[in-house]
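The structure under discussion appears below in the form of structure tokens.
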Amino acid sequence: MKKVIMGNHAVSYGVRLARAEVISAYPITPQTQIVEMLSEFCSDGSLNARFIKVESEHSAMAAVVGASSVGARAFTATSSQGLLLMHEMLHWAAGARLPIVLANVNRAVGPGWNVWTDQSDSLSQRDTGWLQIYCESNQEALDTVIQAFKIAETVRLPVMMVLDAFILSHTEEPVDVPAQEQVDAFLPRYETEWRLDPDDPRAFNMLVAPEHYMEMRLQMQQAMDEAMGVVAAVDEEFGAHFGRRYGLVEPYAMEGAETVLLTAGATTSTARVVVDALRSEGHRVGLVKQRLFRPYPAAELRRLLGQAKKVGVIDRNISYGHEGIFASELKAALYDLPSRPQVFDFVVGLGGRDVTPATIRGIADYVLGHDAPGLEPVWWEVKP
Amino acid sequence: MSYAIPERELMDSGHVGCPGCGAALAMRLALKAVGDDVVVLIVASCWSIIAGPFPYSSLRVPTLHTAFETGGSAASGVKAALEMRGRPHTTVMTWAGDGGTFDIGFQALSGAVERNEDFIYVCYDNEAYMNTGIQRSSATPLGAWTTTTPVGTPKDTPKKDMVAIMAAHGIPYTATASVAYPEDLVRKLQKAQGIRGSKFIHILAPCPSGWKSEPAETIKISRLAVQSKIFPLYEVEGGRKWRITVRPPEVPVIEYMRRQGRFSHLSNAQIEAIQHNVDEHWAELVAKAEQ
Amino acid sequence: MKSKHSMPKPAAPDAPITFASLAEMPPLPVSLGSTLNNKTGTWRYIRPFYEDRTPPCSYACPAGNDVVHYIGALRDGDPEAAWRILVAENPLPGVCGRVCPHPCERECNRREFGGAIAIHALERFLADEAAAHGWTIGAGPARRPERIAIVGSGPAGLSCAYHLARLGYEPTVYEAESQPGGLLRYGIPAYRLPKDVLDREIAAIERLGVRFALNRRLGDNLAWPELAAADAVFLATGQGASRPLQVPGEGAAGVIAGLDFLRRVATGKSLGTVAGSKAIVIGGGNTAIDAARTALRLGASVTVVYRRTEAEMPAIAGEVAEARAEGVAFRFLAAPAQVLAEGGQVRSVRFQEMRLGAPDASGRARPEPVPGHEFILPADWVIVAAGQELDPAPLQGAGIPVEHGRIRAGEAAETGVARVFAGGDAATGEGTVAQAIGSGKRAALAIDHYLRTGSTEGLVLPQGRAAHATPRNAAEAVVRPADLNADYITPEPAPELEAWAPPQMVGNFAEVNAGLAGQAAAREAARCISCGTCISCDTCLIFCPDVAIAHAEGGRYAIAYDYCKGCGICATECPRSALHMEEEGQ
């Protein structure tokens, strides 16, 4: 049924449809509406779940780790400072191989306090062992929540789905909210052998000596490798059930493209408009939306971008002392191609600085007008 | 003269607790008390190691090792999930040291018991961060040596009164217990098990390695702690009703302290001051119990 | 996702788990087995072990009573089992429970925790229960053919006969008097030892096949050749002769040896007028007190005169106190100097006052006369109870060595004369019933050894001090209060034992001491700490941090040495010193 809802509420509907059993979250702008609506759902009985109103985000992740360890479907949501406070426990959830789903509303990190969108919070967690999926729209947010549980429960790794602060989280868009029976047919009840069970008592997450630890980490890497295929398969299956599919990456206007823009999240929608304009002016400019960040879809990106001459990467983040993270990882993925494009890195829109069509047009013109990038990323539209 | 405690063992030999470890005995007795329909969460502490390395475990009950600060929070999730998955009567028992309870885990504990989560939180207290090598915690008693409160500057603040703090939260049940009084310990844990809501049990667990005491005297020292009123045995219901559960013969604190190297640097005047404090606290406890 | 059912399992609960490949590893850190594979016993350098130690009561008992075990059986609610443990060592518990000065109680560790256990009362209780319930001792093993002659049916002779019968012999006991019992019948008055109690215990001995030849006096109508015909002889003739006063006038009528006096009363022989008379008893031992309290009951007014002070009196303190309560007067630091008579009949005694000087050979202060200080007490009777000695006459002609007033006998009761053994007061002069019982038992074991091996050498008497027919597994070390864990022992007072003081003493020989009945006896048994003797209290088991102590067969415990780290908590906490530590590798 179609509703016009904000991104946060789309997530809440997704969580209800996925029949999450234990939810634990701590409020933080701009995530609050997710958990407020879920509280309503629990209170009115439309969602049969326990909602643990913890006293911090670290406790929120610990609580869902506890719940998932018993074999219940668990969910949390956070942003920015809250995600950072969870950092230890993000590692814990992945190392414990728990299929937890977390909705992160991408928000800048303080100090100074900044509640607006950028990608710093989620990307600073890229090494924790969580899958990361970046959503472009409220519809995609709802759909990705449902997909996330299936992916997580298949590969036994936690999944972080990401949506932009305010631009998606607080902006209402039309969203097709599927029927419960449809979702039940797609996503069965979570069952697992590896759980806390008084009828089969075992200890979990104890000391692991060097002689075994490395193999366990290898198993996590192998699960990530497997996850690549699972994300694709689940998306395909979702498409068959619901008529919407998103892929790991999405090419847009890529036929014969010599210059390609790489985006993630809501800026992708803005970039589509710009690329349409550029094409209408005869420029061979295309767009690749990177939806999946972890595991890193290297093969897909090499296939789509290997033949381009130039790539302009919109990084709404910075890894201090180096460069924008999407660009950095792309360059590494393209490194051993016999011929590869020039990669231009643009640090854009930190702390919610608006990324408008003009911004992206300016970036595209820059790429078109330069043969090669410099060594440093270009910080776009900062004061001189 | 057999003891009125359950016979069944739920802990195996071969664990790596030090000889004479009070914490090891505390777990053994606690598991006897609560039985096998339990999930135990072990917070980062000596017991994270004592339980044994992968792929082994010393405990015959489901056990979740968990991060240092998460004794209250992880247990909340476990309990919620057990209820959702049809096991509402399974006991959830957090097993945390003094570090994970008094200090780094304090927030999560306070949060969990403020929500009156239905679980038993057991703090086994060896009065310092023993697993990392005997550093002070807020459970370290006044005057004690630790590696971060060396003899020149021993602990200069009194031990935090966790039971009073738990009582101030108004939780259904909180109590102190001692491995030297196993029947009292078992009774309290079983009582806790039968109450819905948050229960906090504070067990003094002597550590020969950290207290610089004889391993053979762990029980004797536990008993002296109770007899000297340094660690009296009492319970509090609903944060209001205090009851002393063991009234042992009177013993001066020096009898307890002289058996532990961590107090050997104290002067007579300092010990007298400690005795005075203990006497005052005891009088306050007796007054609360008589209301 | 790998299934937990595909994971490797240990071959046995204590076998290690290994992984040959990644495929065998679980996908997350999870346990697949127990820490039982980790044999932490390798950590220790000292180890605990169970070993019963000797409790002070058993150690002190001259009869060799297994005190700790019979009290333990009574505590466990099985008085018949308790009685059987008791009579395995001692056939006369009804006697000992009444007349023994109970050195066990002097040594009892409970005296530091509220008061010694009333062991003698429990011994008596069991004997009385046996009588009430008709418990009997079973017949011994198959009959042995050797003939054994025992001379004297006092406690030494009775004990020897009893233990020989339990070993399968059928000894003959020769007794000079018309009834068996020796001093038990003729020396100890009925108000201390009712004769029906004595008769019952002697009858039980007789039922085991012991034959009594009464009215047979050695040197009179019993001659050596008859004894020599036996395969072994045990001489237990006691010290039936009284030492004379050796003062002028002691031959007068009315001067009588204490033992003679008591025997006449016991046999109902006429003494003459005692009622209304004045009786003086010379001496400070049990015979003196027995005679004094007996004379009182015959209506005399009685004064006991002793040459030292009350503190040095060898008599049982409780007896002295009862005598005083009954109305016997006492006079100390006085010795008889002369018996004054008229017409051959005693009229008075002149006494020399004494003072205490340097100690003599017995360790007691030697009394010295105080010159110029004398006094006279009127007397109708002078009862002399100043010591007993062996009558050597019957032994002459048989070559039995007599030295210092005693038959010379060794550790194994051997006299050096072939086939002849000696014990009891006649050989040891120790003077108590319990010592005589122990002596007789030792002799029985020695005789049995001799008859089997032909030698008096090589007999091993366990525990040394008192031989045991049933050896106990206990190390020599005697448990003292410092060996116990006082944290487990709550001081509890000893029970008051009633003594019955009749309003009318004259003619009243009813038993004076009430003892402990039923519930009171069980409560008193529960007060016993069981020093050195494991009673499966579970303390060691409960306090082991390594779960290394478990119940084993026979109510005891097994230590899992594969895991025991040697912390020593178990041995420290054991309330009763039955669990100890030793260095590893010993």
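The values are calculated or read from the model by the stated rules, or taken from the named source; none is laboratory data. Please read all numbers here as calculations on a predicted model, not as lab measurements. When we count neighbours, we look across all protein chains shown, and the Cβ atoms used for this are built from the backbone with ideal geometry, even at glycine.
Some observations on this one:
- Some residue of the range A:127-136 being under 22 Å from A:Y190 (Cβ atoms), within 14 Å of chain B (Cβ to nearest Cβ), part of a helix (DSSP H, G or I) and touching a residue at least 40 places away in the same chain (Cβ under 8 Å): no
- Checking B:G133 against (1) at positive phi; (2) within 12 Å of another protein chain (Cβ to nearest Cβ), the condition it does not meet: (2)
- Residues of the range C:231-250 that are assigned to a loop (DSSP other than H, G, I, E, B), of a type outside the set (D, E, K, R) and in contact (Cβ under 8 Å) with a residue 24 or more places away in the chain: C:A236, C:T237, C:G238, C:Q239, C:G240, C:P244, C:L245, C:V247, C:P248, C:G249.
- B:F119 at pLDDT 95 or above, surrounded by fewer than 24 Cβ atoms within 10 Å (Cβ to Cβ) and more than 9 Å from chain A (Cβ to nearest Cβ): no
- Selection count where residues are under 26 Å from A:I325 (Cα atoms), part of a loop (DSSP other than H, G, I, E, B) and without any contact (Cβ under 8 Å) to a residue 60 or more places away in the chain, scope the range A:246-264: 6
- Within the range C:519-533, considering residues that are of a type outside the set (A, V, I, L, M, F, W, C) and out of contact with any helix residue (DSSP H, G or I) (no Cβ under 8 Å at 6 or more places or on another chain), the one surrounded by the most Cβ atoms within 10 Å (Cβ to Cβ): C:R523
- Total residues in the range B:1-55, condition under 22 Å from A:M89 (Cα atoms) and within 11 Å of chain C (Cβ to nearest Cβ): 3
- Any hit, the range A:28-48, residues being within 10 Å of chain B (Cβ to nearest Cβ) and of a type in the set (A, V, I, L, M, F, W, C): no
- Residue list for the range A:194-207, restricted to those being over 13 Å from C:L32 (Cα atoms) and at the interface with chain B (Cβ under 7 Å from one of its Cβ atoms): A:L196, A:D197, A:P198, A:L207
- Some residue of the range B:97-108 being within 9 Å of another protein chain (Cβ to nearest Cβ) and touching a helix residue (DSSP H, G or I) at 6+ places or on another chain (Cβ under 9 Å): yes
- Leading residue by the ranking (nearest to A:D121 (Cα to Cα)) among those in the range A:1-41 that are surrounded by 24 or more Cβ atoms within 10 Å (Cβ to Cβ) and of a type in the set (S, T, N, Q): A:Q31
- The condition of being in a strand (DSSP E or B) and crowded, with 16+ Cβ neighbours inside 10 Å holds for only one of B:V236, B:V246, B:V251, B:V278, that being B:V236.
- Of the candidates C:D562, C:D538, the single residue that is within 12 Å of another protein chain (Cβ to nearest Cβ), surrounded by fewer than 20 Cβ atoms within 10 Å (Cβ to Cβ), at pLDDT 95 or above and out of contact with any Ser or Thr (no Cβ under 6 Å at 6 or more places or on another chain) is C:D562.
- Entirely in the range A:1-93, the strands (runs of 3 or more DSSP E) that have 3 or more residues that are in contact with a helix residue (DSSP H, G or I) (Cβ under 7 Å, 6 or more places away or on another chain): A:22-24, A:50-52, A:74-78
- Taking (1) crowded, with 23+ Cβ neighbours inside 10 Å; (2) under 18 Å from the mean Cα position of the chain (by Cα); (3) of a type in the set (V, I, T) in turn, A:V311 satisfies each apart from (2).
- Of the residues making up the range C:36-79, just one is touching a His at 6+ places or on another chain (Cβ under 7 Å) and either aliphatic (A, V, I, L, M) or on the phi > 0 side of the Ramachandran plot (or both), namely C:G64.
- Scanning the range C:575-586 for residues that are part of a loop (DSSP other than H, G, I, E, B) and within 11 Å of chain B (Cβ to nearest Cβ) turns up C:P575, C:R576.
- Against the numbered list (1) buried (at least 24 other Cβ atoms within 10 Å of the Cβ); (2) within 14 Å of chain C (Cβ to nearest Cβ), B:P215 comes up short only at (1).
- The range A:314-346, residues that are part of a loop (DSSP other than H, G, I, E, B), among the aliphatic types (A, V, I, L, M) and surrounded by fewer than 19 Cβ atoms within 10 Å (Cβ to Cβ): A:L337
- Top-ranked residue in the range C:32-60 [being within 30 Å of C:G438 (Cβ to Cβ) and among the hydrophobic types (A, V, I, L, M, F, W, C); ranked as nearest to the other protein chains (Cβ to nearest Cβ)]: C:C57
- Number of the condition not met by B:R60 [criteria: (1) buried (at least 21 other Cβ atoms within 10 Å of the Cβ); (2) farther than 25 Å from A:E215 by Cα; (3) at the interface with chain A (Cβ under 7 Å from one of its Cβ atoms)]: (1)
Quick grid of which residues meet (1) out of contact with any Pro (no Cβ under 7 Å at 6 or more places or on another chain); (2) assigned to a loop (DSSP other than H, G, I, E, B); (3) surrounded by fewer than 17 Cβ atoms within 10 Å (Cβ to Cβ):
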{"position": "C:A358", "(1), (2), (3)": "yes, no, yes"}
{"position": "C:A361", "(1), (2), (3)": "yes, yes, yes"}
{"position": "C:I376", "(1), (2), (3)": "yes, no, yes"}
{"position": "C:I383", "(1), (2), (3)": "yes, no, no"}
{"position": "C:A386", "(1), (2), (3)": "yes, yes, no"}
{"position": "C:I400", "(1), (2), (3)": "yes, yes, no"}
{"position": "C:A409", "(1), (2), (3)": "yes, yes, no"}
{"position": "C:G416", "(1), (2), (3)": "no, yes, yes"}
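- Residue check for B:V92: at pLDDT 95 or above, at the interface with chain A (Cβ under 7 Å from one of its Cβ atoms) and surrounded by 23 or more Cβ atoms within 10 Å (Cβ to Cβ): no
- When restricted to residues that are in a loop (DSSP other than H, G, I, E, B) and farther than 15 Å from C:M354 by Cβ, the range C:291-315 contains 5.
- Failed criterion for B:S76 (all others in (1) more than 7 Å from every other protein chain (Cβ to nearest Cβ); (2) farther than 30 Å from C:P10 by Cβ; (3) over 19 Å from the mean Cα position of the chain (by Cα); (4) not aliphatic (A, V, I, L, M) hold): (1)
- Restricting C:A571, C:A525, C:A550 to residues that are outside any loop (DSSP other than H, G, I, E, B), closer than 19 Å to C:Y45 by Cα, among the small types (G, A, S) and modelled with pLDDT of 95 or more narrows the list to C:A571.
- Pick from the range B:35-53, criterion farther than 21 Å from B:K191 by Cβ and surrounded by fewer than 24 Cβ atoms within 10 Å (Cβ to Cβ), ranking: farthest from the chain's Cα centre (by Cα): B:P53
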